[in-house]
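Asks: Sharing a structure below in structure tokens format, with a few things to ask.
The values are calculated or read from the model by the stated rules, or taken from the named source; none is laboratory data. These numbers were taken from a predicted model, which means no experiment stands behind them. Here the Cβ is made from the backbone with ideal geometry for all residues, glycine too, and neighbour counts use every protein chain on show. For accessibility, only protein heavy atoms count, side chains too; no ligands or nucleic acids. Shrake-Rupley method; radii C 1.70, N 1.55, O 1.52, S 1.80 Å.
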Amino acid sequence: MDNDIAQPDPSRQRNGVVEGLYGEFTDSLNARVRYSVSLTESALTIQKISSPGQDEVVFHLADCLGCRAYKVEDEADVGAFFTAYFYPFKRRWISTGMARQKVEQCFRVALVQDPLTNLQEAERWARAIREASIRQIPRRHDVKYYEVRRPCRVMVLVNPQSGRGQALQLFSGQIEPMLTEASVPYTLVITEHQNHARDLVRETDLSQWDALVILSGDGLLFEVLNGLLEREDWEEAIQTPLGILPGGSGNALAASVHHYTKSPPAWGKELLLSCGFLLCKGLVTRLDLVSVQMASSQRIFSFLSLAWGFVADVDIESEKYRLVGPMRFLVGTLMRLASLKVYQGRLAYLPAPPFTPQNSSLCSSLPCGPNSSPNQNSRHNHSTSSNHNTAHNSSNIAITTMRTEPQPVNQKGPPDSLLADLEQPVPEHWTVVNEEDFVLVLAMFQSHLAEDLFAAPGAAADDGFIHLLYVRAGISRLALLTLFMTMEKGGHLAIGCPHLVYERVKAFRLEPLSPEGAITVDGEMVEYGPVQAQVHEGIARLISG
């Protein structure tokens, strides 16, 4: 896509790294205003020549999304232009805190009277800024990275019905301009019905794409992941980098991805802009998936959560309030609190081994795709709750099932080496919870359950753990409300609620005894009955930061 762009001046480079560029250009709107512009490996520095006392303005290239050169249509104008697009953290205009905000820096190049020479100079600057910004991608030192191939060909899947039905407007208003600024070619696919995306990725030629990007709620990514794992070539397909852009009500994975960058909290359009920025930067990390087995022998794969009881009820019942966006979960929570239920069931799990610190590896920039070799990912430290009384026993129950849309049994994907048959007792080294009366059971695989629900503060995309939380019967409505209010900032594990238990596990089994109820996986209702799951560490790829 850069065939029409002049090569950088070799005299200004050393070992492929731009040593520095300096130029003097006029303002794009006012030819009387001149700027001195200097480019180093890490920053673009600008100062008005007409105001020597004015402070320099420094833009860090880590915040640069791209730069383009162009000529205006006015044939009488011999000048050319280059515009750099930055998304630095700046103080919000209304509320407190910091968020990424778009800043454009545009300059007119009119060194000579030859339009072609001026355009070549503008292209030289644009190319140098792009190349330097790619080398300055923000990286965390405790994460092993890959990079999306460049130039990157992206399929963007949009569910126009997600959230409040504004996904297409969000794409055209915010994401499409960012992709253009970053010179990322894309193909837009608008999903037309449930499982459209699942069927599409199961059958499509993935060699056409370097990344699949989802702009929707979490349900569309659930379809894409399971479609990839239903392919004959699932081992290669599941390494296709996946990007998530928040366009639904919950947006849990998008909120988690933003959180993993250690950036200030963001919601709504600020969260969309943050995820769009990460998408265009193209860094890829590993992503854990969790296989979920049900009594019908159906197996599905999850990236986010499994819920039973209060959380599942709220998720399903709040669908009727979808038009209010993320507020639907607050409305659903208050409604469910008014008629709080207790569920009977059995819970068992395989505890995760004690955390052992490992030396952090430096970040690496590797091509990510079907032929990439996975590297060992880093570990992250997490705290666990205090131990509770357990007993090693198990029993099996007969069930009646409640299905939504039957899906093909997925025999592909990685084998579940930690799980026994659902009709058999759990292995002896598992922990079986004594209690059988629960308000909720929640298994988290990412940090956030929704934009404003920081359910698993210690979670990471590739930590290899299932973060298991359950609330025992006997909790008051006020205490449960307090629990969810403090979950907004991840403080629920620290308030000392005696009914809340948190464990890091590698696998678990849940056997509902109550005849009626709901189980959700990534917010989607699945058949009601015995279910078990195990984590598969780092088998997928996630565009993150």
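Asks: In the list Pro151, Pro160, which residue meets the criterion of being in a loop (DSSP other than H, G, I, E, B), open to solvent by less than 60 Å² (accessible area, probe 1.4 Å) and not aromatic (Phe, Trp, Tyr)?
Replies: Pro160
Asks: Next question. For segment 110-120, state whether one or more residues are surrounded by 13 or more Cβ atoms within 10 Å (Cβ to Cβ), closer than 25 Å to Ile137 by Cα and either of a type in the set (D, E, K, R) or not assigned by the TED database to the domain that holds Lys262 (or both).
Replies: No.
Asks: Within segment 6-44, which residues are assigned to a loop (DSSP other than H, G, I, E, B), surrounded by 17 or more Cβ atoms within 10 Å (Cβ to Cβ) and modelled with pLDDT under 50?
Replies: Within segment 6-44, Pro8 is the sole residue that qualifies.
Asks: Please go through segment 512-538 and give me each residue that is surrounded by fewer than 21 Cβ atoms within 10 Å (Cβ to Cβ), in a strand (DSSP E or B) and of a type in the set (A, V, I, L, M, F, W, C), ordered by number.
Replies: Met525
Asks: Also, quick follow-up: Give the residue, chosen from Glu131, Glu121, that is out of contact with any Cys (no Cβ under 8 Å at 6 or more places or on another chain) and under 30 Å from Ser207 (Cα atoms).
Replies: Only one candidate qualifies: Glu131.
Asks: Taking segment 221-239 only, how many residues are open to solvent by 10 Å² or more (accessible area, probe 1.4 Å) and either closer than 14 Å to Ser302 by Cβ or of a type outside the set (D, E, K, R) (or both)?
Replies: 4
Asks: Would you mind stating whether Ile175 is in a helix (DSSP H, G or I), within 18 Å of the chain's Cα centre (by Cα) and in contact (Cβ under 8 Å) with a residue 24 or more places away in the chain?
Replies: Here the answer is yes, as Ile175 does meet what is asked.
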